[in-house]
Each structure stands twice: as structure tokens, then as C-alpha cells.
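Here is the structure we will look at.
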Amino acid sequence: MIKKVKTLNWDELSSSHKEDYVCIEENYDLYINDKFIEKMTSSPKDLKELGAGYVISEGYLEPGDIKDVHIDNDKIIVITNESKMSKSKKNDDKNNKNNNNDKNGSNSMNNIKVPLKTIFKIMEYMSNITGVWKITGGTHWACLFDLNGKEIITIEDIGRHNAVDKVIGYGVLNNINLDDKILVSSGRQPYVMVKKAVNAKIPAIISKSPSTDKGVELAKNNDIVLIGFARKNRFVVYNGFERIIDEDK
């Protein structure tokens, strides 16, 4: 995920030749069976999870549609039943795919409660994430947690979208039920990021960064608990205030 490069470092008084670590990025082509879907730029790790997560989070397939994921050099191939391809063909127009069906029935009926102590557990974990980000400052990270605040998986990537796709893909490939999990992210939560949770049927998002008007609107339409600016002992609830409970009271 990282490599050393030679650098010239400047400060106020002098310059010096040094070496520094930077993130590695690679390009991949994503397929569903033999159908080309997307060109992707990603960190060269957790590629099966990336493929599985992307086709779920972008609305191409449902978790049960995926049979396997193969990596063939720079190709990520999601294997599904041929009969499922008709659904993805309807999604060829990415603009239509991202802007329609904003109301997800299964998420709208979800009434999970998020304990306040779980939020604080997750925030403490967030503040101690190190990994590649600590070395390079060049990655985003995403995590899955259960409602008790137990970490399931944390993955880093050069892209915030990829990191979210990879943890979703991890859940799908490991048969983890996502409709009672919390998605945690280092990145902003605009419409396209909240939409990933909607499509994956994840009912709660906690991010260290803010959302946007369209992201908040989408969360409201789908009854998603949306929390931003989760840092140290503070956070902002954009949606789902009534679903955050203090069990100690």
C-alpha cells in the first residue's frame, strides 16, 4: 500500500533531501461476469471486497446475487447468475441509477436504536486509528461496527468511496447481516456516500466529517441515523435524533 520516494523538503530556513512514504494507487476494470461496469482507481489491497461492495453500494446487485469475485491481473470480476444481469443492464445510465429510487423500503421500516455509549465507543476507536494514514496522511478509512460498539472490520484506501465499498464488500462476502450495523467513515457524507448505505441497507452512519444538504435529505427519506463531526467528545446528528438512546438514564 505504500512506497518510498525521494523528496526535497522545505521549511522557513532551509531545504533538505529526504525520503518519504506515499500511497500506491492502481487502476482496475470492474466486470459483472463479462459485462464491463467501471474503471476504478484504488489501493492494491482488498480487491475482492472492493468489487463486491461496489456492485452492492451502487445498486447493480443484491448481496444474494453474488456467487464469487475473481481477480485477474487488473480485472475485478464479480460472478453472478446470468439471470441477474438483466437488473444491472437497467442501471447502465449512472445518472438515473444514482438519482432514482431514493426511498428504500426496507431501510425506511428500520427502527434500530443506537446507544449513546456505542457512539462514544466508536469515537474513541476513530481517534486511535493509525495504519497507513498515520504514515502517509494519504488514505481514508471506513469501518463496520455492531450496535454494541464492537468493531467488525476497518479498511483503508486512497479513496473514501473505495474504503466504504470495501467494508460493505467484506460484510457481503462474509455473510454478515448489514441491516443492524453502523458504517463509520473518515470522509464527507454527500448524497453519493449516503446512497451507498441506502443500497447496502445499513441503517446508521457515523463520520468524522460533515454531510451535505442532499446527503441529509437522503438520510431522512430512508430513516438512516446520520452523524457527522464525530471527534473526541462531540458529534452532530443530522438525522435520527430520536433513535439515539441513553441506556444509563
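The values are calculated or read from the model by the stated rules, or taken from the named source; none is laboratory data. Please read all numbers here as calculations on a predicted model, not as lab measurements. Heads up, the Cβs are rebuilt from the backbone with ideal geometry, glycines too, and the neighbour counts pull from every protein chain shown.
Consider only pairs whose beta carbons are under 7 Å apart and that are at least six residues apart or on different chains; among these, list those whose first residue lies in region 155-176 and is without any contact (Cβ under 8 Å) to a residue 40 or more places away in the chain and whose second residue is surrounded by fewer than 24 Cβ atoms within 10 Å (Cβ to Cβ) and of a type in the set (Gly, Ala, Ser).
Within 7 Å, the pairs are Arg160/Ser186; Arg160/Gly187.
Quick check, is Asn111 in contact (Cβ under 8 Å) with a residue 24 or more places away in the chain and closer than 27 Å to Val78 by Cβ?
Spelling it out, it is not the case that Asn111 is in contact (Cβ under 8 Å) with a residue 24 or more places away in the chain and closer than 27 Å to Val78 by Cβ.
Restricting to region 145-165, what's the tally of residues that are part of a strand (DSSP E or B), surrounded by fewer than 23 Cβ atoms within 10 Å (Cβ to Cβ) and under 12 Å from the mean Cα position of the chain (by Cα)?
Selection size over region 145-165: 2.
Go through Gly138, Gly131 for me and flag whichever is surrounded by fewer than 16 Cβ atoms within 10 Å (Cβ to Cβ), within 23 Å of Lys4 (Cβ to Cβ), of a type in the set (Gly, Ala, Ser) and in contact (Cβ under 8 Å) with a residue 24 or more places away in the chain.
Gly131
Restrict the check to region 165-176 and report whether at least one residue is among the basic types (Lys, Arg), more than 11 Å from Ala142 (Cβ to Cβ) and in contact with a Gly (Cβ under 9 Å, 6 or more places away or on another chain).
The answer is no; no qualifying residue exists.
Looking at Gly171, Gly187 in this structure, which one is of a type outside the set (A, V, I, L, M, F, W, C), under 24 Å from Leu30 (Cβ atoms) and in a loop (DSSP other than H, G, I, E, B)?
Gly187
What helices (runs of 4 or more DSSP H) lie completely within region 1-101 and have 1 or more residues being modelled with pLDDT of 95 or more?
Ranges flagged: 47-57.
Residues in region 199-249 that are more than 17 Å from the chain's Cα centre (by Cα) and not hydroxyl-bearing (Ser, Thr, Tyr): how many?
25
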